[in-house]
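> Can you read through this structure? Questions will come right after.
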Amino acid sequence: MTLLSIRDLRVYLDVPGGTARGVDGVDLELEAGEALGIVGESGSGKTLLALSILGLQPGGRAAIQPGSVVTFRDRDLVTLPPAALRRIRGGEIAMVFQEPMTSLNPVFTVGNQIRESLRQHRRLRGPEARRVAWELLGEVGIPQPEALAEAFPHQLSGGMRQRVMIAMALANEPKLLIADEPTTALDVTIQKQILTLLKDLQKDLNMAVLLITHDLGVVRHMADRVYVMRTGRIVEHGSRTKL
């Protein structure tokens, strides 16, 4: 069953001297439970494509063009009212951003940030929210989750922060996880641990994964199918076995 369908997605950016076509007519489909890799060099439009699915493209500089269609579970996210899109964002679709240190709020503990997501989307509060936050941290391989939940982001290693980001993304049992360069700046051993964790969670939760990366080794480990982007366009696609 098709979970996500993108048709003629065009996202243009205002730049000095004119307009840049950051995403220029992208078509793709993602099935429920499937892992799809999007690869390409820096500046090819991978991250802008991922952000635009959730309406998170840079406001004021980037605009989704008329005629673009992003259908998720039979709903067009491009034309969806903002309030309805917010309910999907972080709930049915979650995203792990490229750099957890800039994505996590430095003035709140990691447990508090997970509980906030649980309050917003699952209406959990108090001891119940705390218990679920501990369980999520445990599921992503964080030792002593009760203690680590009281830590601030700067007190954790890069690998631990990335695990926290994954725990936050999974808090509301999303149907689709968008992972934007989830192993950037991690050493090789930690990279493998994070990728194995994502693969195991995808299988356990029957969750679709859209993996954004420039590393073909990461795609070979994770993805069922691969799309290659260049200058805002899909220039090639096929199964992982062709890599």
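> Take every DSSP beta bridge with both residues inside the chain and express the antiparallel ones as a percent of the total, to the nearest 5. Walk me through the intermediate numbers first.
Details: 26 of 45 bridges.
About 60 percent, rounded to the nearest 5.
> Compute, for LEU197, the solvent-accessible surface of its heavy atoms (probe 1.4 Å) with the complete set of protein chains present, and express it in square angstrom to the nearest 10.
Approximately 20 Å² for this residue.
> Please give the calculated 222 nm ellipticity per residue for the chain, where each DSSP H segment of at least 4 residues contributes -39500 (n - 2.57) and the sum is spread over every residue; nearest 500 deg cm²/dmol?
Roughly -10500 deg cm²/dmol at 222 nm, from the helical runs in the chain.
> Under 10 Å, Cα contacts only: if you run a Gaussian network model on the chain, which one of THR184, THR231, THR79 comes out with the highest mean-square fluctuation?
THR79
> Further, regarding this structure: Ignoring ligands, DNA and RNA, how do PHE97, PHE108 rank by accessible area with a 1.4 Å probe, largest first? Working shown, then result.
On the way: PHE97 70, PHE108 95 Å².
Heavy-atom accessible area, descending, gives PHE108, PHE97.
> Further question: Need one word for the chain: rounded, prolate or oblate. Basis is the Cα gyration tensor (sqrt eigenvalues a ≥ b ≥ c); a/c below 1.5 gives rounded, then a/b vs b/c decides.
Prolate.
> Moving on. What accessible area per residue, rounded to a whole number of Å², is obtained for segment 1-113 using a probe radius of 1.4 Å? Show your work: numbers first, answer last.
Numbers: 5080 Å² over 113 residues.
In whole numbers, segment 1-113 has 45 Å² accessible per residue.
> Now a separate question. For segment 1-57, give the percent of accessible area contributed by carbon and sulfur heavy atoms, probe 1.4 Å, rounded to a whole number.
In segment 1-57, the share of accessible area belonging to carbon and sulfur is 48 percent.
> I need the shape label for segment 105-156. Rule: rounded when a/c is under 1.5, else prolate if a/b > b/c, else oblate, with a, b, c from the alpha carbon gyration tensor.
Details: a/c = 2.08, a/b = 1.27, b/c = 1.64.
Here segment 105-156 falls in the oblate category.
> Under the rule of at least 5 residues apart or a separate chain, name every residue whose amide H is placed under 5 Å from the amide H of GLY37.
So GLY37 has HN proximity to LEU211, ASP224, ARG225, VAL226, TYR227.
> As a test question: what accessible area, to the nearest 10 Å², does THR19 have when a 1.4 Å probe is rolled over all protein chains in place?
90 Å²
The values are calculated or read from the model by the stated rules, or taken from the named source; none is laboratory data. The shown structure was predicted, so the numbers you read here are calculated from the model rather than taken from an experiment. SASA here: full protein model, heavy atoms, side chains in, ligands and nucleic acids out. Shrake-Rupley method; radii C 1.70, N 1.55, O 1.52, S 1.80 Å.
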